[in-house]
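The values are calculated or read from the model by the stated rules, or taken from the named source; none is laboratory data. What you are looking at is a predicted structure, and each value in this text was computed from that prediction instead of being measured. Heads up, the Cβs are rebuilt from the backbone with ideal geometry, glycines too, and the neighbour counts pull from every protein chain shown. Ligands, DNA and RNA are stripped out before the accessible areas are found, and what is left, the full protein with its side chains, is counted by its heavy atoms. Shrake-Rupley method; radii C 1.70, N 1.55, O 1.52, S 1.80 Å.
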2 protein chains.
Amino acid sequence: MTEKRTVCKNDILKQLYFQENLSCVDLSIIIEKSFPLTQKLIEELVADNLVTETGYAVSSGGRRPLTYAIQRNVMYMVAVAMDQFVTKIAVIDMQNHLVSSVTRIFLSLTETRSALQVLIDKIAGAIDTSGIPKEKFIGIGIGMPGFIDVKKGINYSFLSLPDNESITKHMAFQLGLPVFIDNDSSLIALAELRFGAAKGARNAMVINIGWGVGLGLILNGALYRGHEGFAGEFSHIPLFLNGKLCWCGKAGCLETETSLLLIKERAIEGINSGRVSRLNTLSLENHETAYQELIKAVQEGDQFTIELFSKAGYNIGKGVAVLIHLLNPQKIILSGRGSAAGKIWEAPIQQALNEHCIRRLFQNTNIEISDLGLEAQLIGAAALVMENYNEISFLKEETTGFELSQL
Amino acid sequence: MTEKRTVCKNDILKQLYFQENLSCVDLSIIIEKSFPLTQKLIEELVADNLVTETGYAVSSGGRRPLTYAIQRNVMYMVAVAMDQFVTKIAVIDMQNHLVSSVTRIFLSLTETRSALQVLIDKIAGAIDTSGIPKEKFIGIGIGMPGFIDVKKGINYSFLSLPDNESITKHMAFQLGLPVFIDNDSSLIALAELRFGAAKGARNAMVINIGWGVGLGLILNGALYRGHEGFAGEFSHIPLFLNGKLCWCGKAGCLETETSLLLIKERAIEGINSGRVSRLNTLSLENHETAYQELIKAVQEGDQFTIELFSKAGYNIGKGVAVLIHLLNPQKIILSGRGSAAGKIWEAPIQQALNEHCIRRLFQNTNIEISDLGLEAQLIGAAALVMENYNEISFLKEETTGFELSQL
DNA sequence: CAAACTTGTTAAATAATTAAAAAAGTTTTC
DNA sequence: GAAAACTTTTTTAATTATTTAACAAGTTTG
């Protein structure tokens with residue numbers, strides 16, 4: 001007995017995770033069911049203590065609607081955000097709050113076997129120490145850099161197992177929970193779509209300014225991943241005739257002219273050749289402190305650093321011009337760790353658009369700076385689990401105690 | 001009484017237009033309804049003589065399924081395909097066949113008022129002379145170049161009325177039928193998606209090689225139009241540092257290095273400076289004959305012409321490299337009038353991908369030449385009407401004799 | 001040639017929507 | 001400034017739509 005009502009109820013729970021305080025009318029529209037049905041289902045969810053009333057919303061010209069929210073302790077997810085150097089693990093509840101503090105580990109993505117096992121152990125540890133019974137966990141969402149096939153659960157760039165074995169299946173088998181992976185930039189875009197600057201947008205480009213430059217595409221209201229899941233390879237579009245060799249093997253990639261890594265390198269070069277600046281060459285050697293110092297210098301108005309960011313911003317803008325021509329987005333959102341530099345990005349990007357973009361195309365496109373910042377990837381990883389909640393709940397119904405070989 | 005059954009029936013008719021010879025099981029899956037319901041509806045449609053049985057399909061390991069097709073005379077559409085110089089008008093039936101020969105008129109898109117009235121008159125004429133009662137027409141689909149807002153029905157580049165008045169509403173009012181417009185390249189992509197090389201593909205890029213270079217995007221199985229409907233502005237992405245001024249006002253656009261117009265110009269230059277070739281400078285002055293002659297020369301193996309096409313192809317390839325990086329499509333389809341040159345395009349494009357694209361990204365991307373050719377835009381215009389059939393049939397139910405001010 | 005599988009048919013059960021009216025606000029109008 | 005008119009939300013009952021389930025009829029596979 002699959003009971004369609006259960007499917008609908010799960011859909012309501014999912015919607016209430018993505019958006020708090022929805023009214024019954026809102027929900028009936030979102031889940032595309034009639035009002036009486038939706039109301040009955042909500043009633044049952046409230047009776048089961050999965051959902052609570054959260055008071056009356058303001059009227060939109062009629063009776064004030066009762067609003068509902070999902071109980072934060074109904075279920076939990078493990079969110080994992082990886083970059084080349086640091087991996088963050090967190091347990092997150094239904095109101096997107098951290099259950100405990102974030103676990104930080106230093107994992108080298110290139111040493112597959114050992115790194116993967118450490119990751120699995122740490123995730124298991126996080127579940128244990130959370131004190132939450134395992135049945136309350138619905139899944140594990142992981143964001144990492146690389147070429148990732150979301151469906152197959154393979155990362156072709158890092159952590160790839162022999163014989164193209166799926167790392168999601170491998171991990172799910174060991175951890176006893178469904179595992180989902182996606183590209184870091186895609187998850188940042190998902191976070192922006194659901195909880196950030198792209199909320200409600202149907203077409204947005206989320207630029208992940210990090211040590212490289214990533215791109216997550218929101219098209220027709222959903223994350224776009226492409227045929228094999230490799231869409232958004234923004235940093236390697238051949239845009240410059242600078243003859244600079246990129247690590248990808250080609251020359252003139254966008255990444256050879258913009259990225260935090262490049263800014264860092266140019267900063268060191270500049271200082272070594274005598275430029276005055278608040279920056280300190282010594283601390284710039286370390287990635288993490290370099291990042292901190294660069295952002296601080298921008299915020300303090302250091303002219304040399306601002307110059308570096310402006311040049312990088314202009315080059316991002318040249319890439320954005322291509323995006324706007326091809327995809328006519330509603331919004332361009334600057335996210336990822338680089339977004340901490342704030343407004344500084346806007347002018348040079350706008351300048352590049354003025355020069356390289358047809359006016360009609362960009363005049364209605366807004367450029368926004370994300371305020372999700374460093375948390376974006378972690379939130380996106382949690383959202384990834386909930387995106388897949390339909391399938392998860394189906395599996396939970398089907399098999400007692402999870403049939404994990406399926407995942 | 002909206003009768004949901006009618007909505008479903010219309011959906012079935014729509015699906016049978018897009019795909020002949022579907023079985024009841026196929027249809028029940030496509031329209032997402034149960035088999036018994038689908039079967040009952042088909043039964044009724046057959047009884048009403050809107051649909052016919054077309055025999056048994058081959059078995060896939062069980063009982064052989066009965067297949068169905070829509071009757072060609074159930075309803076009709078007017079398809080209009082415009083370019084800068086020539087406008088084609090045709091009446092098309094439910095099996096995508098021309099009811100009579102195509103009407104060709106020479107319309108200058110820049111003279112809005114007069115051109116629009118001529119167009120309206122010619123469409124009315126085509127409906128009249130077809131001998132088909134007007135009630136059997138469900139709508140008019142028009143493809144034209146320019147920046148087009150599909151929803152508002154405005155072409156910002158050509159035929160734009162004062163005060164941003166909608167040309168679809170204007171025409172619908174005068175013609176008494178719903179009118180839909182879209183960008184020429186988008187309609188070519190739609191034709192490829194529904195009846196051509198992109199059939200069944202979820203992610204494909206359709207390149208419209210014409211006097212300019214257009215792009216229609218198929219993303220997640222549907223035509224992607226962007227926030228305002230301007231997506232696919234491929235020919236003006238800033239890809240070259242050639243300093244050449246494009247008519248759009250910018251320099252280095254893709255269009256400055258590839259297009260049939262450019263090939264034509266270079267052909268004339270070459271011949272005037274003494275290159276030997278089968279091409280004849282005189283006839284190259286006229287657009288239409290130039291096109292014919294260039295394609296003929298390629299097919300006959302004229303070395304100089306092939307050289308010109310190869311260079312243009314290589315530059316298209318550079319643009320395609322950008323597309324593949326950003327959107328990871330399953331297929332790249334070369335369509336539009338230029339596709340008549342055939343296989344000649346493949347090698348130089350592949351060459352450009354080898355040089356400018358990350359291997360992992362393009363190794364599973366197929367490049368295909370369309371065989372819809374010159375008919376693509378006309379078929380796409382008809383398909384555009386059927387894409388909107390849901391709304392049309394709803395309107396037909398709602399109002400007796402069409403409430404056209406709505407459109 | 002039996003097992004497995006796909007398609008086709010029918011009747012009974014259930015799920016979901018519609019329609020109509022009540023309740024609770026907001027805005028307009030005199 | 002209060003009643004009328006309009007909106008939106010909530011409630012309930014009646015109707016209709018859709019699915020499920022069980023079985024029959026063809027095909028293929030091993």
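Results, tabulated for the structure shown:
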read-out: Residue satisfying all of: in the stretch B:52-103; over 16 Å from residue B:138 (Cα atoms) and acidic (Asp, Glu); nearest to DNA strand C (Cβ to nearest atom) among these; value: B:53
read-out: Of all residues making up the stretch A:176-185, the number that are open to solvent by 10 Å² or more (accessible area, probe 1.4 Å) and either closer than 14 Å to residue A:151 by Cα or in contact with a strand residue (DSSP E or B) (Cβ under 7 Å, 6 or more places away or on another chain) (or both); value: 3
read-out: Residue selected from the stretch B:48-62 under the condition open to solvent by 80 Å² or more (accessible area, probe 1.4 Å) and away from DNA strand D (no atom under 12 Å from the Cβ), by the criterion nearest to residue B:26 (Cα to Cα); value: B:53
read-out: Selection from the stretch B:309-358 of residues that are assigned to a loop (DSSP other than H, G, I, E, B) and away from chain A (no Cβ under 14 Å); value: B:336
read-out: Selection count, the stretch B:204-232, where residues are more than 8 Å from every other protein chain (Cβ to nearest Cβ) and either part of a loop (DSSP other than H, G, I, E, B) or not polar (S, T, N, Q) (or both); value: 14
read-out: Residue count for the stretch A:15-47, restricted to those that are away from DNA strand D (no atom under 11 Å from the Cβ) and open to solvent by less than 20 Å² (accessible area, probe 1.4 Å); value: 6
read-out: Residue match in the stretch B:140-149 (condition: of a type in the set (D, E, K, R) and open to solvent by 60 Å² or more (accessible area, probe 1.4 Å)); value: no
read-out: Total residues in the stretch B:22-47, condition away from DNA strand C (no atom under 12 Å from the Cβ) and within 26 Å of the chain's Cα centre (by Cα); value: 2
read-out: Selection count, the stretch A:278-292, where residues are open to solvent by 40 Å² or more (accessible area, probe 1.4 Å), touching a helix residue (DSSP H, G or I) at 6+ places or on another chain (Cβ under 6 Å) and either in a helix (DSSP H, G or I) or on the phi > 0 side of the Ramachandran plot (or both); value: 1
read-out: So residue B:100, is it surrounded by fewer than 14 Cβ atoms within 10 Å (Cβ to Cβ), away from chain A (no Cβ under 14 Å), within 16 Å of DNA strand D (Cβ to nearest atom) and part of a loop (DSSP other than H, G, I, E, B); value: no
read-out: Unmet requirement for residue A:329, which otherwise passes all of (1) at pLDDT 90 or above; (2) over 19 Å from residue A:199 (Cβ atoms); value: (2)
read-out: Single match in B:134, B:152, B:199 (criterion: within 14 Å of chain A (Cβ to nearest Cβ) and among the basic types (Lys, Arg)); value: B:152
read-out: Hits in the stretch A:233-257 - residues which are more than 7 Å from chain B (Cβ to nearest Cβ), under 25 Å from the mean Cα position of the chain (by Cα) and touching a residue at least 24 places away in the same chain (Cβ under 8 Å); value: A:235, A:254, A:255, A:257
read-out: Residue that is nearest to the other protein chains (Cβ to nearest Cβ), among those in the stretch A:1-14 that are within 15 Å of DNA strand D (Cβ to nearest atom) and of a type in the set (S, T, N, Q); value: A:2
